[in-house]
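The values are calculated or read from the model by the stated rules, or taken from the named source; none is laboratory data. Small disclaimer: the values here were computed from a predicted structure and weren't measured. Every residue, glycine among them, receives a Cβ derived from its backbone with ideal geometry; neighbour counts consider all protein chains shown.
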Amino acid sequence: MARVVAAFAASHAPMMLAARDIAPAAQRDRFFDGLGQAVRRVREGGAEAVVVISNEHFTNFFLGNFPQHCVGLADRHTGPAEPWLPMPHGDVPGHSALAHELTRHLLGQGFEPALSHDLHLDHGVMTVYHAVDETLRLPLVPILQNCAVAPMPALRRCHELGAALGKALAECTAVDRVAVVAAGGLSHTIGTERVGEIDTEFDRWFLDRMAANRFDDVLDMADRELEAAGNGAHEIRSWLTLAGLADRPARILAYEPVQEWITGMGVADYDLSPAWS
């Protein structure tokens, strides 16, 4: 039975790597300090693999076929898709045995994720994965979610998926220790005249709910309400998936509205001690 030894959520703006130094030093340092605290739990916990929940940016799927959730089953992925991201490019190790076990257990709980043996990973996964392991050697199981194409999965369904994922991991035998990471959000807008807008009020409101593990006024939000915080705010689906898995208050390690990265940048960590077993 796999133990979840670390779990955290973090924003994944590509410019956090590609244009790190354009952000004000104080904001940059506070964000990366929070991210560093979360990453240390992964390393200190001895995670043998990491599950990264993030959104699909039209890197693998387009309108001809766009699944709501997709698990990467391969022993090898490729990334990052963006050639300008300053990190090694090429093969990224997967963990096929863990991915297959997870998928079977999710199917047994009434979830039917799509499957892929050929995922190309973009900044959505790779920025935060790179923070966890700059060598890109830690085996990775990506779970991609639809946060871009209507109709999207309900926020409540993503939270339920997280609870199912936690139960699935508890049944897995492919590894003893695993980390789970959500990457995406918070408020931001891409591809419209609202680019650069950051809704700090929404971000703080949502982080307050993460800190209290109280989502009564979040899970039934309509997408049109959520989009008031920007079309990128749909990516809180990954955070809610992780919240469903952890089912306890989060510790907010950082929040910075970084205009230069056009994103509300947050980090939320879960103390899972005693670790699940």
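Is at least one residue of region 101-120 touching a Leu at 6+ places or on another chain (Cβ under 8 Å) and within 30 Å of Trp261 (Cα to Cα)?
yes
Go through (1) touching a residue at least 40 places away in the same chain (Cβ under 8 Å); (2) closer than 28 Å to Leu155 by Cβ and name the single condition Arg28 misses.
If we test Arg28 against (1) touching a residue at least 40 places away in the same chain (Cβ under 8 Å); (2) closer than 28 Å to Leu155 by Cβ, just (2) comes out false.
Do you know which residues across region 244-270 are closer than 14 Å to Ala211 by Cα, charged (D, E, K, R) and surrounded by fewer than 19 Cβ atoms within 10 Å (Cβ to Cβ)?
Asp247, Arg248, Arg251, listed by residue number.
Taking into account only those residues within region 108-128 that are of a type outside the set (A, V, I, L, M) and part of a helix (DSSP H, G or I), which is surrounded by the fewest Cβ atoms within 10 Å (Cβ to Cβ)?
Selected residue: Gly108.
May I ask you to verify whether Val175 is touching a Gly at 6+ places or on another chain (Cβ under 9 Å), modelled with pLDDT of 95 or more and aliphatic (A, V, I, L, M)?
no
Being among the basic types (Lys, Arg), in a loop (DSSP other than H, G, I, E, B) and within 15 Å of Gly266 (Cα to Cα) is the filter here; which residues of region 216-250 pass it?
Result: no residue meets the conditions.
Output the residue which, of all residues in region 172-201 that are assigned to a loop (DSSP other than H, G, I, E, B) and in contact with a strand residue (DSSP E or B) (Cβ under 6 Å, 6 or more places away or on another chain), is surrounded by the most Cβ atoms within 10 Å (Cβ to Cβ).
Leu186
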